[in-house]
Amino acid sequence: MDTNMDISAAREHYLDWLRDAHAMEEQAETMLKAMEGRLEHYPELRMRITQHIQETRHQADRLRRCIEDAGGDTSLLKDMTGKFMATMQGFSGAMASDEVVKGAMFSYAFEHMEIAAYRNLIAAARLVGDATTARVCEEILAEEMAMAKWLEEHMGAVVSQFLARAGTNPGAAKR
Ligand code: MG
Ligand code: FE
């Protein structure tokens, strides 16, 4: 650890990153709910998404508490949402004929962005001496890794189901 670290500057960045993570979770919830609401013919994927929506809500709640405990202003939280909106809509593929494949692919990428964010937050929390938040972020990280792993193990089946249906029943294949 750099002993010359300016602790107040470090804490400012740390609080920003916690707020970014909270915004990321709110956006995740929006995206996952949209997918959950549209999926009809992929019940296994839909069920895993439903589970991750519950996890995501709990993650946002825990982050909010961490921000409050660290002395951060939670009234600013709402302003941050929508930041990821444009990117998400561009990638989620809701208008695509292979919507389910695009959605699974985007979800997989999104989980890895979350994994990166929590790895960074864990490092920062330790450096500023916030052991409680470091532990919360480790718990959240484990949930993101489990979701990424599930997608890793099931995306191939989604692709093969999609391709099997695409010719004869494109409507069922799509979502
Ligand atoms: Mg999350
Ligand atoms: Fe996630």
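The values are calculated or read from the model by the stated rules, or taken from the named source; none is laboratory data. Since this is a predicted model, take the numbers as computed values, not measurements. Neighbour counts run over all protein chains shown; Cβ positions are idealised from the backbone, glycine included.
Step by step: first the residues of segment 37-48, then only those that are modelled with pLDDT of 95 or more, of a type in the set (D, E, K, R) and assigned to a helix (DSSP H, G or I), then the one that is nearest to ligand 2 (Cβ to nearest atom). Which residue is that?
Arg48
Please find, among Glu44, Glu29, Glu68, the residue that is more than 13 Å from ligand 1 (Cβ to nearest atom), within 28 Å of Met105 (Cβ to Cβ) and charged (D, E, K, R).
Working: Glu29 fails: more than 13 Å from ligand 1 (Cβ to nearest atom); Glu68 fails: within 28 Å of Met105 (Cβ to Cβ).
Glu44 is the lone residue from the list that is more than 13 Å from ligand 1 (Cβ to nearest atom), within 28 Å of Met105 (Cβ to Cβ) and charged (D, E, K, R).
Conditions (1) closer than 26 Å to Ala134 by Cβ; (2) more than 16 Å from ligand 2 (Cβ to nearest atom); (3) among the acidic types (Asp, Glu); (4) modelled with pLDDT of 95 or more, marked per residue:
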position	(1), (2), (3), (4)
Ala70	yes, yes, no, no
Asp73	yes, yes, yes, no
Met95	no, yes, no, no
Val100	no, yes, no, yes
Ala104	no, no, no, yes
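Considering only segment 1-37, state which residues are touching a residue at least 60 places away in the same chain (Cβ under 8 Å), under 23 Å from Lys174 (Cβ atoms) and surrounded by fewer than 21 Cβ atoms within 10 Å (Cβ to Cβ).
Listed by number, the list holds a single entry, Ala34.
Here is a check on your reading of the model: is Met113 closer than 19 Å to Leu63 by Cα and either modelled with pLDDT of 95 or more or among the hydroxyl-bearing types (Ser, Thr, Tyr) (or both)? Before you say what the answer is, go through the steps one by one.
Working: closer than 19 Å to Leu63 by Cα: yes; either modelled with pLDDT of 95 or more or among the hydroxyl-bearing types (Ser, Thr, Tyr) (or both): yes.
It is true that Met113 is closer than 19 Å to Leu63 by Cα and either modelled with pLDDT of 95 or more or among the hydroxyl-bearing types (Ser, Thr, Tyr) (or both).
Any residue at all in segment 118-129 that is under 30 Å from Glu68 (Cα atoms) and in a loop (DSSP other than H, G, I, E, B)?
yes
If a residue must be more than 10 Å from ligand 1 (Cβ to nearest atom) and in contact (Cβ under 8 Å) with a residue 60 or more places away in the chain, how many such residues does segment 110-136 contain?
Here is the first cut: in segment 110-136, the residues more than 10 Å from ligand 1 (Cβ to nearest atom) are 112, 116, 119-136.
In the following step, the residues that additionally are in contact (Cβ under 8 Å) with a residue 60 or more places away in the chain were identified as 120-121, 124-125, 127-128, 130, 132-133, 136.
Number of matching residues: 10.
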